[in-house]
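Enquirer: Here it is, the structure, as structure tokens.
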């Protein structure tokens, strides 16, 4: 081990040092905020509450989309939870706006709605973890939605009863070490949630999983920060509101990224064959129609090749269906590697494949067919496989996709009918 390596601490020590420096920086920032003379206008506070509610509603909608696509229980429960959180934030913003018009009777009291909404969100973060651990994937969406509604409703009711039955509303104690000690209760809940979602990252690495951990940590900091607030709308109060809104932005961003990835996967599955990864029958027809339209404009021909894997039933009977599926993938790999960047290879049927060759005539299509047949025969894997091939050229052999496919299919089965032995590169040119 070199001297420079011994002097440089290992990863765990660096992480511990980074955390320690972060804590020191946060404590200094908190001290600065508490002793700041800044005081925001009630209108700014109302705007921040309204922004938080709108982001919460947006996240809830995207969480439900994610649930429909992935059956993720955490998305389902938190979707309902953020709807309630958004409603509470909206009510808080309206109350703040009303407070600008009607003076408050007790300026040192804290809104019970704030505590109820924030505690509810923290409890639901923990509930989502527990439910996911018990049954990670939903199998009956209708029942799961009803169950999630019951969980969220029960949590909201119990938390509301707890807070609104208090004999006195929590109040701010400006001269105390912790002016708002009640905020440490939801802070503790979010601290547990931060640890839980941090441990969960060992087995889950989606964007929403990462941002849930970040959101829980930001909400923990939000309540620790606001616990130092000495009056409404002071520097600590506004910083805490900013952290809360930022936590909502984080989970919304994670959900949007995951949904975008989900939509890409759906789009790919809609246009590709799951076994081979090539274009599927529907995508192939769209490509042929596109080439017909382009050829009509340019006056240039294009080629269509159909390939049939010889003896697939015999391979399945002698070696099993797994080997047969592997033979199909072997042919697909050859088509993928032997095609140009402008060509489109597709799985036409069970053991039938197609290739569209733009800007190609009869000779170019013949050479492509011979090259593919040779590579299939010499791929070096067992059992050996071969293909039969049929060819059609637009517009010589047809002016529509059905006519081209019919012409290529006819030459393909003429070949298979006349030659009863294993076909390779020698047979391909004879009928093209």
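Each value in this text was obtained by applying a stated rule to the coordinates, not by laboratory testing. Just so we're clear, the structure is a prediction, and the values are computed from it rather than from any experiment. Because the Cβ atoms are built from the backbone with ideal geometry, glycine has one as well, and the counts that use them run over all protein chains shown.
Enquirer: Would you report the distance distribution of C-alpha pairs in the stretch 201-246 as whole percents per 5 angstrom bin, up to the bin with the largest distance?
Expert: Distribution as computed: 5, 25, 23, 15, 11, 9, 7, 4, 1 percent.
Enquirer: I've got another one for you. Can you classify the stretch 281-431 as rounded, prolate or oblate using the Cα gyration tensor, where a ≥ b ≥ c are the square roots of its eigenvalues, rounded means a/c under 1.5, and otherwise it's prolate if a/b beats b/c and oblate if not?
Expert: prolate
Enquirer: Where does each of 205, 409 land when they are ranked from fewest to most other beta-carbon atoms within 10 angstrom?
Expert: Lowest to highest Cβ neighbour count: 205, 409.
Enquirer: If you rank 14, 347 by fewest surrounding Cβ atoms within 10 Å, what's the result? Numbers along the way, then the final one.
Expert: Values: 14 11, 347 26.
Ordered by Cβ neighbours within 10 Å, fewest first: 14, 347.
Enquirer: For the stretch 194-291, what log10 I(q)/I(0) values come out of the Debye formula at q = 0.10, 0.13 1/Å, with one point per alpha carbon and no solvent?
Expert: So the normalised log intensities are -0.49, -0.63.
Enquirer: Any idea how far the Cα center of the stretch 32-49 sits from the one of the stretch 323-385, in Å?
Expert: What the calculation gives is 67 Å, centre to centre.
Enquirer: Give me the mean projected area, in nm² to one decimal, of the convex hull enclosing the Cα positions of the stretch 277-338.
Expert: Taking a quarter of the hull surface, the average projection is 5.2 nm².
Enquirer: For an R0 of 51 angstrom, estimate the FRET efficiency from the Cβ-Cβ distance between residue 371 and residue 203 and round to the nearest 0.05.
Expert: For R0 = 51 Å, the calculated efficiency reads 0.65.
Enquirer: Take peptides 328-335, 30-37, 192-199 and line them up by average Cβ neighbours within 10 Å, highest first, as a rough protection proxy. Intermediate values should be presented prior to the final figure.
Expert: On the way: 328-335: 20.5, 30-37: 13.0, 192-199: 17.9.
So the peptides 328-335, 30-37, 192-199, ranked by packing, come out 328-335, 192-199, 30-37.
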